[in-house]
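Everything on this sheet refers to the single structure shown next.
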Amino acid sequence: NIKKKICICFYGLTRSLKYTHSSIKNCILKILILNNYYVDIYLHTYDLNIINNKRSGELNVKLNLDEYKLLNPDYVSITSQSDFDNSININNFLSKGDPWPDNPNVSLLNLLRQLNSLKIVTKMHEEKDYNCYIYLRPDLKYLNNLNIKLIDNLKTDTFYTPNWGKFGGLNDRFGIGCKDVMIKFGYRIDKALEYSKIN
């Protein structure tokens, strides 16, 4: 029954999953299963061994490449972050300046890496049909149960995102919607270069 099938998409690095996976299971997955939804889990991440990020205070932090298995995903794609980095010219996105001058190029590059991860995980499921698509970061700890009434009464032309962590825009760490909406959400990297030149 497609009305009871949910597509869960994880994207980005699983760098703190050992601390967050229980909240994901209890606040998201368990709620869906208890309400008789069938869940397929898709995951894309990068094969990164060490992370350095000034803004988050991470210096030579070793990553566990098998950590993603804590989510028991049905479909997995792991690609090379360095290959992606080498495929783009960051300067092409800087015609209007760097939005994060306190961390030159790095935060912008991390955003593009996230958008690339979103596109890959979207490609993984776009030939299939689900009632609802939930995109979420694996490195966030979820404190509240998923609002099952939202899932039960999903509007086909609406993108749902939390009202916290908006930083002057929309929260891009968590999103819910139907297929057409979430494919647009997942393919935003295709518009990134054009957007960087007009804003």
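The values are calculated or read from the model by the stated rules, or taken from the named source; none is laboratory data. From a predicted model like this one, the values you see are computed outputs, not experimental measurements. So basically every Cβ, Gly included, is an ideal-geometry build from the backbone, and we count neighbours across all protein chains shown. SASA here: full protein model, heavy atoms, side chains in, ligands and nucleic acids out. Shrake-Rupley method; radii C 1.70, N 1.55, O 1.52, S 1.80 Å.
For the stretch 1-156, give the percent of accessible area contributed by carbon and sulfur heavy atoms, probe 1.4 Å, rounded to a whole number. The partial results should precede the final answer.
Numbers: 4010 of 8410 Å².
The computed percentage sits at 48.
Taking only the Cα atoms of the chain, how large is their convex hull per residue, in Å³?
It is 127 Å³ per residue.
Where the centroid of each part is defined by its Cα atoms, how far is the stretch 129-199 from the stretch 24-40 in Å?
Going from one Cα centre to the other spans 18 Å.
Which of these, Tyr19, Tyr135, Tyr160, has the largest mean-square fluctuation under a Gaussian network model of the chain (Cα springs below 10 Å)?
The residue with the greatest mean-square fluctuation here is Tyr19.
For the chain, what is the mean residue ellipticity at 222 nm derived from helices alone (per DSSP H run of n ≥ 4: -39500 (n - 2.57); sum divided by total residues; nearest 500 deg cm²/dmol)?
Dividing the helical sum by the residues of the chain leaves -9000 deg cm²/dmol.
So which of Lys69/Lys179; Lys4/Lys149; Lys96/Lys141; Lys18/Lys128 end up more than 23 Å apart, counting from Cα to Cα?
Lys69/Lys179; Lys96/Lys141; Lys18/Lys128
Amide H to amide H under 5 Å from Thr14: which residues, 5+ apart in sequence or cross-chain, H placed 1.01 Å off N in plane?
Tyr46
For the chain, set up a GNM with springs between Cα atoms under 10 Å and report which of Gly186, Gly169, Gly97 has the largest fluctuation.
It is Gly169.
Connecting C-alpha atoms closer than 10 Å in a GNM of the chain, tell me which of Leu29, Leu136, Leu170 has the biggest fluctuation.
Leu170
Work out, step by step, the length gained on full extension between Thr156 and Asp85: first 0.36 nm times the residue separation, then minus their alpha carbon distance; give nm to one decimal.
Separation in residues times 0.36 nm, less the Cα-Cα distance, equals 22.1 nm.
Can you pull the one-decimal nm distance between simple spin-label points at Val106 and Lys69, each 7 Å off the Cα toward Cβ?
It is 3.1 nm.
Straight-line reach only, C-alpha to C-alpha below 17 angstrom: list the aspartates and glutamates that Lys155 could link to, leaving out same-chain residues fewer than 8 apart.
Asp129, Asp180
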